[in-house]
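Engineer: Just passing along the structure, written as structure tokens.
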Amino acid sequence: MALLDVQNLKLYFFTRRGAAKAVDDVSFGIEKNETMGLIGESGCGKTTAALTFMRFVKKPGKLVGGHVYFEGRDIATASEEEMRKLRGKEISIVRQEAQNALNPVLRIGKQITEMILEHENVSNSEAMDRAKEQLNLVGINEKRINCYPHEFSGGMKQRAMVAIATACNPKFLILDEPTTGLDVIVQRQLLMMINDLREKLHLTAIFISHDLAVIAETCDKVAVMYAGKIVEMSDVVTMYKDPLHPYSKALIGAYPSLKGAKRKLYSIPGAPPGLINPPEGCRFAPRCEYAMDICTKEEPLMVEKEGRKVACHLIK
Amino acid sequence: MGFKGFILKKAIAAIITVVVIVCVNFVIFRIAPGDPIRMMFRDPRISAEQLEEMRHKYHLDGSMGEQFVYYMKSMAQGDLGISFGSKRPVLELIIERVPNTLMLVLTALTCAIFIGISLGAFAGWRSGTKIDTMILSTALAFYSIPTFALGILLLLLFAYVIPIFPLGGMVTPAAGLHGFAYLRDLLWHMCLPAFTVTLWYIGEYVLFTRSSMMDVLHQDFILTARAKGLKESVVLRTHALRNALLPVVTITGVNLGFAVAGVIEAETVYSWPGAGMLVYDAVMKRDYPLLQGVFLLFACSVVLANFTIDLIYGYIDPRIKVGEG
């Protein structure tokens with residue numbers, strides 16, 4: 001059984017102009033010790049989906065359908081108290097832009113220990129020792145435990161964020177664009193560290209990013225999301241070598257390759273559709289160079305082909 | 001530069017500000033219309049010699065330069081001059097009144113801080129609900145209604161229609177009370193004025209805390225705190241309120257600065273013998289030396305309060321590095 005099993009998840013934002021379908025009928029499963037990448041443009045619903053796994057639904061957002069089973073328990077219907085006990089302890093999140101995600105007036109140590117003390121029956125000094133261990137684990141000198149976030153560099157803040165997220169040995173980790181806003185060298189260091197941690201702590205994780213290289217380095221499989229829907233899912237290598245969905249193709253074609261021959265980068269014409277009145281049929285059709293008549297009339301269903309899943313009328 | 005250097009720098013800045021205020025104080029009252037000596041002695045039968053004598057007595061006969069030197073000299077010696085009205089040293093009058101004002105304002109401010117912050121934080125947390133609207137509109141009403149109007153209303157209600165509180169003053173005159181009985185009498189007199197001022201301050205604190213709280217609750221680190229599985233009460237207290245109170249500390253500093261100046265309106269309505277009423281009387285009687293002295297007191301207390309807030313801020317907000325900038 002998958003550790004996290006998402007079935008037909010639907011999350012709509014009820015705005016004055018109508019319901020924005022931020023996450024629309026999304027299904028996937030993540031097995032134990034597996035890391036899945038969730039990739040897509042900004043605003044396609046990645047972060048919204050990820051926050052739903054902890055059942056953080058910001059108003060006017062509402063969970064309108066589907067289930068999120070975590071170890072068999074449905075997060076969509078769990079009580080608030082059950083969710084609170086799950087958060088941080090079993091499901092944890094490394095948030096983007098640690099700059100704003102850390103409390104500016106609390107010491108780093110306190111921001112780690114408060115979570116350990118909440119979930120585990122340990123003394124203050126034990127929690128403090130654990131916090132120091134966590135800092136060492138993410139490559140921050142434990143002497144800096146009494147620092148405030150503003151005394152850390154951007155990379156260190158993000159590391160501290162990882163230290164917090166993994167402090168209670170969670171079963172499932174959500175990595176929500178942890179490398180956003182960092183320069184490439186620091187990004188690389190952080191990714192190496194996350195990969196390290198995944199092995200050491202046997203983490204199961206979902207890695208959200210718009211950066212293909214990042215996903216390729218960290219994930220086993222990947223799901224491509226477009227306008228609130230998952231359009232293709234497969235293992236990472238296949239996705240890069242042979243993407244099936246035109247959007248996946250375009251997404252991968254839009255990135256330069258360091259090793260391959262020099263070529264003109266592909267850019268997808270147009271902009272992602274509004275989520276209040278998404279185009280009928282396939283949501284990518286208006287921007288798709290292979291679009292056929294049927295694409296604007298009928299929504300393509302997810303079909304399975306050689307162990308990969310894709311939703312496109314071209315693939316039968 | 002260390003902490004001592006920081007204090008020194010701030011202290012020097014404060015002293016310079018006070019000196020500037022002293023100078024401005026000198027100028028303001030010289031360019032104000034009217035001759036203070038003529039104002040004092042309105043008897044038309046007074047002779048020119050007598051006026052000149054008075055002018056000399058109050059050191060108003062020299063040139064502006066001479067007057068300024070004399071003024072600065074006496075300021076340095078702590079001599080604020082003699083009140084026209086009561087013919088007593090201004091400093092003495094002020095020292096007599098300030099404790100009364102502080103007693104009233106500090107009581108009101110303490111109550112308001114506790115009640116206002118609690119209500120404001122709650123309203124901010126539950127923003128958009130009915131109870132928030134209720135708290136907000138009530139606070140807005142108390143904040144916008146002038147203190148004298150509220151004071152008169154309360155006075156009418158609770159001292160006249162339902163006479164449970166005295167009409168004014170600080171103690172029952174000529175009652176000869178001592179010890180506990182005196183204290184009880186004092187508190188009984190303080191109830192209405194303190195309540196009036198408290199209501200106004202509560203309005204202010206509710207409005208500030210509420211908006212600050214709403215702002216903080218939308219910040220990213222609140223979601224982080226919730227993602228840690230912390231109890232909502234912990235999220236609110238340790239994470240939200242701690243940050244939301246930073247701007248509230250600033251208004252407390254401003255309030256404290258003006259506290260010494262008294263709450264002129266409330267003190268006048270309730271005939272509370274504080275610094276505020278001193279101002280009122282001084283204005284009514286054109287008592288220039290007294291006004292000048294009280295102005296100086298106000299200015300200094302505001303400067304002192306700001307200085308204190310600067311220091312406190314360094315402690316409560318780690319991002320403000322004491323010693324830098």
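The values are calculated or read from the model by the stated rules, or taken from the named source; none is laboratory data. Keep in mind it's a predicted model, so treat the numbers as computed, not measured. Because the Cβ atoms are built from the backbone with ideal geometry, glycine has one as well, and the counts that use them run over all protein chains shown.
Engineer: Could you say whether any residue in the range B:17-29 is touching a His at 6+ places or on another chain (Cβ under 8 Å) and surrounded by 15 or more Cβ atoms within 10 Å (Cβ to Cβ)? Walk me through how you get there before you give the answer.
Structural biologist: Residues of the range B:17-29 that are touching a His at 6+ places or on another chain (Cβ under 8 Å), as a first pass: none.
No: the range B:17-29 contains no residue that is touching a His at 6+ places or on another chain (Cβ under 8 Å) and surrounded by 15 or more Cβ atoms within 10 Å (Cβ to Cβ).
Engineer: Starting from residues that are among the β-branched types (V, I, T) and surrounded by 22 or more Cβ atoms within 10 Å (Cβ to Cβ), keep the ones in the range B:172-197 and report whichever is nearest to A:Q99 (Cα to Cα).
Structural biologist: Within the range B:172-197, the first condition is being among the β-branched types (V, I, T), and the residues that meet it are B:172, B:196-197.
From what is left, the residues that are surrounded by 22 or more Cβ atoms within 10 Å (Cβ to Cβ) are B:196-197.
Details: B:T196: 44, B:V197: 41 Å.
Among those residues, the one meeting the criterion is B:V197.
Engineer: Now a separate question. Against the definition (within 22 Å of the chain's Cα centre (by Cα) and either facing chain B (nearest Cβ under 9 Å) or not in a helix (DSSP H, G or I) (or both)), how does A:M156 come out, yes or no? Spell out how you get there, then give the answer.
Structural biologist: Details: within 22 Å of the chain's Cα centre (by Cα): yes; either facing chain B (nearest Cβ under 9 Å) or not in a helix (DSSP H, G or I) (or both): no.
For A:M156, the condition - within 22 Å of the chain's Cα centre (by Cα) and either facing chain B (nearest Cβ under 9 Å) or not in a helix (DSSP H, G or I) (or both) - is not met.
Engineer: Among the residues of the range B:78-126, how many are in a helix (DSSP H, G or I) and either closer than 30 Å to B:V248 by Cα or modelled with pLDDT of 95 or more (or both)?
Structural biologist: Residues that pass the stated criteria total 31.
Engineer: If we keep just the residues of the range A:139-153 that are buried (at least 16 other Cβ atoms within 10 Å of the Cβ) and either hydrophobic (A, V, I, L, M, F, W, C) or outside any helix (DSSP H, G or I) (or both), which is nearest to the other protein chains (Cβ to nearest Cβ)?
Structural biologist: A:Y148
Engineer: Only one of A:V57, A:V105, A:V64, A:V122 is β-branched (V, I, T), without any contact (Cβ under 8 Å) to a residue 60 or more places away in the chain, assigned to a loop (DSSP other than H, G, I, E, B) and exposed (fewer than 15 other Cβ atoms within 10 Å of the Cβ). Can you tell me which?
Structural biologist: Working: A:V57 fails: exposed (fewer than 15 other Cβ atoms within 10 Å of the Cβ); A:V105 fails: exposed (fewer than 15 other Cβ atoms within 10 Å of the Cβ); A:V64 fails: assigned to a loop (DSSP other than H, G, I, E, B).
Step by step, each of A:V57, A:V105, A:V64, A:V122 is checked, and only A:V122 is β-branched (V, I, T), without any contact (Cβ under 8 Å) to a residue 60 or more places away in the chain, assigned to a loop (DSSP other than H, G, I, E, B) and exposed (fewer than 15 other Cβ atoms within 10 Å of the Cβ).
Engineer: Quick check, is B:F165 in the same structural domain as B:R237 (by TED's automatic domain parsing) and touching a Cys at 6+ places or on another chain (Cβ under 6 Å)? Reasoning before the result, please.
Structural biologist: Details: in the same structural domain as B:R237 (by TED's automatic domain parsing): yes; touching a Cys at 6+ places or on another chain (Cβ under 6 Å): yes.
Yes, satisfied.
Engineer: Output yes when any residue across the range A:177-192 is β-branched (V, I, T), assigned to a loop (DSSP other than H, G, I, E, B) and in contact with a helix residue (DSSP H, G or I) (Cβ under 8 Å, 6 or more places away or on another chain), and no when none is.
Structural biologist: Residues of the range A:177-192 β-branched (V, I, T): A:179-180, A:184-186.
Cutting the leftovers down to assigned to a loop (DSSP other than H, G, I, E, B) gives us A:179-180.
Then keep just the ones that are in contact with a helix residue (DSSP H, G or I) (Cβ under 8 Å, 6 or more places away or on another chain); that gives A:179.
Yes: one or more hits.
Engineer: Being over 17 Å from A:S92 (Cβ atoms), assigned by TED's automatic domain parsing to the domain that holds A:M83 and crowded, with 18+ Cβ neighbours inside 10 Å is true for just one of A:L190, A:L182, A:L197, A:L175. Which residue is that?
Structural biologist: Numbers: A:L190 fails: over 17 Å from A:S92 (Cβ atoms); A:L197 fails: over 17 Å from A:S92 (Cβ atoms); A:L175 fails: over 17 Å from A:S92 (Cβ atoms).
The match here is A:L182.
Engineer: Then there's this: All but one of (1) modelled with pLDDT of 85 or more; (2) part of a helix (DSSP H, G or I); (3) surrounded by fewer than 16 Cβ atoms within 10 Å (Cβ to Cβ) hold for B:I312, so report the exception by its number.
Structural biologist: (1) is the only condition that B:I312 fails.
Engineer: Also, I was wondering about something else. What's the number of the only condition in (1) out of contact with any strand residue (DSSP E or B) (no Cβ under 7 Å at 6 or more places or on another chain); (2) crowded, with 19+ Cβ neighbours inside 10 Å; (3) in a loop (DSSP other than H, G, I, E, B); (4) of a type outside the set (S, T, N, Q) that A:C44 fails to meet?
Structural biologist: Only one criterion in (1) out of contact with any strand residue (DSSP E or B) (no Cβ under 7 Å at 6 or more places or on another chain); (2) crowded, with 19+ Cβ neighbours inside 10 Å; (3) in a loop (DSSP other than H, G, I, E, B); (4) of a type outside the set (S, T, N, Q) is unmet by A:C44, namely (1).
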